[in-house]
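J.: Input: one structure, supplied below.
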Amino acid sequence: MPIAETGTTASRVPTQSTYQNRVAEYWNAEENPVNLELGRLDGLYHHHYGVGDVDWSVLEDPDAARRRERITEELHRLEHTQAELLAARLGSLTPDDRVFDAGCGRGGGSVVAHLRYGCHADGVTISGKQADFANEQARARGIDDKVRYHCRNMLDTGFASGAYAASWNNESTMYVELELLFAEHARLLRRGGRYVVITGCYNDTYGQASREVSLINAHYICDIHPRSAYFRALARNRLVPVHVQDLTDATIPYWELRKQADHLVTGIEDTFLTAYKNGSFQYLLIAADRV
Ligand code: GPP
Ligand code: MG
């Protein structure tokens, strides 16, 4: 462990906290079929949920193998729709622009942004496995000159200040302190740049975090923030909301379908449905301008 010299006394400053090590271990080991089988369909590996109306006819297919296939395709379509919804909010980007994907997972979101705008993308994850996997996907697609993934801390990327026209977190803010996160986004974004977050947050009007929110935290080793914390931390870091969208109703059908996908379930499906339906949890998109 590196020792930081501070005057005459030396104190231990770990480059990564014990918590971060445990989170990295989780993602280095994660191989859920719901992520890998969906990603395999078109090489876009997402680590977020879906939005939009479900084609329920996929459940009716009389052929069991074909039914499984169609359910997988339908869940992937809904996750892809979510990724496009976020990408559409990044502003009018050009191929010369650079975007920052904070908590990029296996890389799908950066590829979606690149395909839409032709822009450069830097994705960051603290999982070395995920970064390697994502870089391999970019190489296979022949876009590794513009889309790159780095095993780094999203709170302290080391990237150049003001170098980015847009940045986002797609379901990754619950792993970090928002004040530190938004300070880093504000540093990286140029003036007038756009920040977008899609997140699950707990609903302040419910009170404190519900039992279901706590179960989701335990499942992923994360710490879901209240809705209020987002707006407070954005305002304190020169990030001014321009669009806020409650996606809760739009994501419930995804979870209803996923719950019935016996070959893909992870066991967390009913908890999400209860949390959304009892009003303790919300699925939110916020777009903000860097001023
Ligand atoms: C995981 O996506 C997303 C998170 C770990 C963040 C938690 C999200 C909230 C909205 C609270 P994933 O695609 O890796 O998860 P899964 O394996 O369940 O599909
Ligand atoms: Mg998933």
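J.: Report the Rg/Rh value for the stretch 108-237, based on alpha-carbon coordinates and the Kirkwood definition of Rh.
T.: 0.99
J.: Compute the distance in nm between two label points, each set 7 Å from the Cα along the Cα-to-Cβ direction, one at ASP53 and one at VAL240.
T.: Between ASP53 and VAL240, the label points sit 3.8 nm apart.
J.: Taking the Cα centre of the chain as the origin and placing charges on Cβ (Lys, Arg +1; Asp, Glu -1), which of GLY91, ILE221, GLY50 is farthest toward the positive end of the dipole?
T.: Of the listed residues, the answer is GLY91.
J.: Here's a follow-up. If you wrap the stretch 122-179's Cα atoms in a convex hull and average its projection over all directions, what's the area in nm²?
T.: Numbers: hull surface 18.4 nm².
Answer in nm², one decimal: 4.6.
J.: Distance in nm between label sites at ARG190 and ALA88, each 7 Å beyond Cα in the beta-carbon direction?
T.: Label at ARG190, label at ALA88, 2.6 nm between them.
J.: Between the stretch 272-291 and the stretch 213-229, what is the C-alpha centre distance in whole Å?
T.: About 12 Å separates the Cα centre of the stretch 272-291 from the one of the stretch 213-229.
J.: Hey, which lysines would be in cross-link range of LYS146, C-alpha to C-alpha under 26 Å, not counting anything within fewer than 8 residues on its own chain?
T.: LYS129
J.: OK, next. Determine which lysines satisfy two conditions relative to LYS277: a Cα distance under 22 Å, and not lying fewer than 8 residues away in the same chain.
T.: LYS259
J.: Return the calculated 222 nm mean residue ellipticity for the chain, to the nearest 500 deg cm²/dmol, obtained by summing -39500 (n - 2.57) across DSSP H runs with n ≥ 4 and dividing by the residue count.
T.: Helices in the chain give a 222 nm mean residue ellipticity of -12500 deg cm²/dmol.
J.: Between ASP223 and THR15, what is the spin-label point distance in nm, taking each point 7 Å from the Cα along the Cα→C-beta axis?
T.: Result for the modelled spin labels: 2.3 nm.
J.: What is the mean projected area of the alpha carbon convex hull for the chain, to one decimal in square nanometres?
T.: 16.2
Read-outs throughout are calculated quantities, based only on the coordinates presented, and are distinct from any laboratory measurement. Here the structure is a predicted model, which is why all the values come from computation and not from measurement. So basically every Cβ, Gly included, is an ideal-geometry build from the backbone, and we count neighbours across all protein chains shown.
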